[in-house]
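J.: Okay, handing you the structure first.
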Amino acid sequence: MLGTASQAPTRQRNHNGYLLRWDDEVILFDPGEGSQRQMLHTGVTATDLTRICVTHFHGDHCLGLPGMIQRLSLDRVPHPVAVHFPAGGADYFARLRHASSFYETAELAVEPIDTDGQRITLGIGTLEARRLRHPVETYGYRLVEPDGCRMLPERLAAYGIVGPAVGRLLRDGHLDLDGRRVSRDEVSVTRPGQRFAFVMDTGLCDGVYALAEHADLLVIESTFLESEAALAAEVGHLTAGQAARVAAESGVRTLVLTHFSQRYADPRRFHDEAREHFTGDLVIAEDLQTVQMPPRRVPSPG
Ligand SMILES: [Zn+2]
């Protein structure tokens, strides 16, 4: 959590900015002003970044781009860094990218999002963008790891399957053994893929639910409390209560609320309101806090 304020920073909260580390991907979401310096406190360097995802071009979600992009060149980052943002904001991106003079060495792989449900294949799974409801074109993102398969050693042993035969069984889905066919399902369990979702700046809409569905970790804006529900709907934002109900209905495991309006002095109020609806792990984000992906769900037979 690089920053957790909405609109204007406070003494305790920087503008937005979120880093996701997942195997060989290090994704920076919505870098607001000050993200570069906040990142310094996390031990993640510009060279670690593989990807930048921007939900929309309101300033608190993107005014950190010029500094971050120039930093990639300053540090001579040797690999291309992918950048995703709503295609309708391409002019804003072009200006932010070249907001001031710098010696450009780093390579950006620019892949704008122009379709609801657009998918990008990564080594760790699929990055999917869904349209959200906000006064400007906005997309949320989720990262979905494919389901895997975990072999059960005791079952393999019972069938006497050893060595290269295990690899053949895994690859072909079955193995012929002394006139009997053993299927992969008989000797393995499904290892559920993990899911991360990032939902910023939106009123309640189908896209919110599509992104949150079965997320192990959901980072979602809760700018307002229910007492300001009418205002939230008018300006395209969520309340803590709404975000928590989405999480509960979508089977979310760890819920992270962020993007708080500076009108509320006590963050406990977000916790208390969300707790009325959501019983899972609940985090009211603080700047520079690290939140772990929860351990994998228990594998199911077959
Ligand atoms: Zn916004």
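The values are calculated or read from the model by the stated rules, or taken from the named source; none is laboratory data. Predicted model only: the values in this text are computed from it and were never measured. No Cβ is skipped: glycine too gets one built from the backbone with ideal geometry, and neighbour counts run over all protein chains shown.
J.: Can we say ALA244 is more than 20 Å from ASP60 (Cβ to Cβ) and part of a loop (DSSP other than H, G, I, E, B)?
T.: no
J.: Identify, by number, the condition in (1) within 13 Å of MET200 (Cα to Cα); (2) buried (at least 20 other Cβ atoms within 10 Å of the Cβ); (3) polar (S, T, N, Q) that GLN38 doesn't meet.
T.: Only one criterion in (1) within 13 Å of MET200 (Cα to Cα); (2) buried (at least 20 other Cβ atoms within 10 Å of the Cβ); (3) polar (S, T, N, Q) is unmet by GLN38, namely (1).
J.: Only one residue in PHE196, PHE224 is within 30 Å of ARG150 (Cα to Cα) and aromatic (Phe, Trp, Tyr), so which one is that?
T.: The match here is PHE196.
J.: Answer yes if at least one residue in the range 243-254 is surrounded by fewer than 21 Cβ atoms within 10 Å (Cβ to Cβ), touching a His at 6+ places or on another chain (Cβ under 8 Å) and charged (D, E, K, R), and no otherwise.
T.: yes
J.: So, one more: In the range 1-94, which helices (runs of 4 or more DSSP H) lie fully inside it and hold 1 or more residues that are touching a strand residue (DSSP E or B) at 6+ places or on another chain (Cβ under 6 Å) and within 25 Å of LEU257 (Cβ to Cβ)?
T.: In the range 1-94, 35-40 are the helices (runs of 4 or more DSSP H) which contain 1 or more residues that are touching a strand residue (DSSP E or B) at 6+ places or on another chain (Cβ under 6 Å) and within 25 Å of LEU257 (Cβ to Cβ).
J.: Out of LEU170, LEU175, which single residue is touching a helix residue (DSSP H, G or I) at 6+ places or on another chain (Cβ under 7 Å) and modelled with pLDDT of 90 or more?
T.: Result of the check over LEU170, LEU175: LEU175.
J.: Anything in the range 111-125 that is outside any loop (DSSP other than H, G, I, E, B) and surrounded by fewer than 15 Cβ atoms within 10 Å (Cβ to Cβ)? List them, or say none.
T.: Residues satisfying the conditions are ARG119, THR121.
J.: Among the listed residues VAL182, VAL162, VAL166, VAL136, identify the single one that is more than 32 Å from the chain's Cα centre (by Cα) and assigned to a loop (DSSP other than H, G, I, E, B).
T.: Result of the check over VAL182, VAL162, VAL166, VAL136: VAL162.
J.: List every residue pair whose Cβ atoms lie under 7 Å apart, where the two residues are 6 or more positions apart in sequence or sit on different chains, the first residue falls within the range 56-70 and is over 18 Å from LEU40 (Cα atoms) and of a type in the set (D, E, K, R), and the second residue, located anywhere, is within 16 Å of the ligand (Cβ to nearest atom) and assigned to a loop (DSSP other than H, G, I, E, B).
T.: Matching pairs, first to second residue: ASP60/SER6; ASP60/GLN7; ASP60/HIS15; ASP60/ASN16; ASP60/GLY32.
J.: Something else now. Any idea which residue in the range 131-164 is farthest from ARG191 (Cα to Cα), counting only those that are within 16 Å of the ligand (Cβ to nearest atom) and either of a type in the set (D, E, K, R) or outside the structural domain of ARG21 (by the TED database) (or both)?
T.: So the residue we want is GLU137.
J.: Can you find a residue in the range 208-220 that is farther than 23 Å from HIS61 by Cα, at pLDDT 95 or above and over 15 Å from the mean Cα position of the chain (by Cα)?
T.: No, the range 208-220 contains no residue that is farther than 23 Å from HIS61 by Cα, at pLDDT 95 or above and over 15 Å from the mean Cα position of the chain (by Cα).
J.: Show the residue pairs that are 6+ apart or on different chains and have beta-carbon atoms under 8 Å apart, the first residue being within the range 188-206 and at pLDDT below 95 and hydroxyl-bearing (Ser, Thr, Tyr), the second being assigned to a loop (DSSP other than H, G, I, E, B) and away from the ligand (no atom under 16 Å from the Cβ).
T.: Short answer, once both residue conditions are applied: SER188/LEU152; THR190/ASP147; THR190/PRO299; THR190/GLY302.
J.: Going through the range 190-209 one residue at a time, which ones are under 17 Å from GLU137 (Cα atoms) and away from the ligand (no atom under 16 Å from the Cβ)?
T.: Of everything in the range 190-209, just one residue is under 17 Å from GLU137 (Cα atoms) and away from the ligand (no atom under 16 Å from the Cβ), namely ASP206.
J.: Let me ask something else about it. Would you check which residues across the range 120-130 are at pLDDT 95 or above and either under 27 Å from ALA46 (Cβ atoms) or not assigned by the TED database to the domain that holds ASP75 (or both) and list them?
T.: Residues satisfying the conditions are ILE120, THR121, LEU122, GLY125, THR126, LEU127, GLU128, ALA129.
J.: Can I ask one more? Counting only residues that are part of a loop (DSSP other than H, G, I, E, B), over 24 Å from PRO31 (Cα atoms) and in contact (Cβ under 8 Å) with a residue 40 or more places away in the chain, how many does the range 214-232 have?
T.: The number of residues fulfilling the criteria is 1.
J.: Is there a residue being more than 30 Å from GLY59 (Cα to Cα), touching a residue at least 60 places away in the same chain (Cβ under 8 Å) and in the same structural domain as ILE27 (by the TED database) anywhere in the range 99-117?
T.: No.
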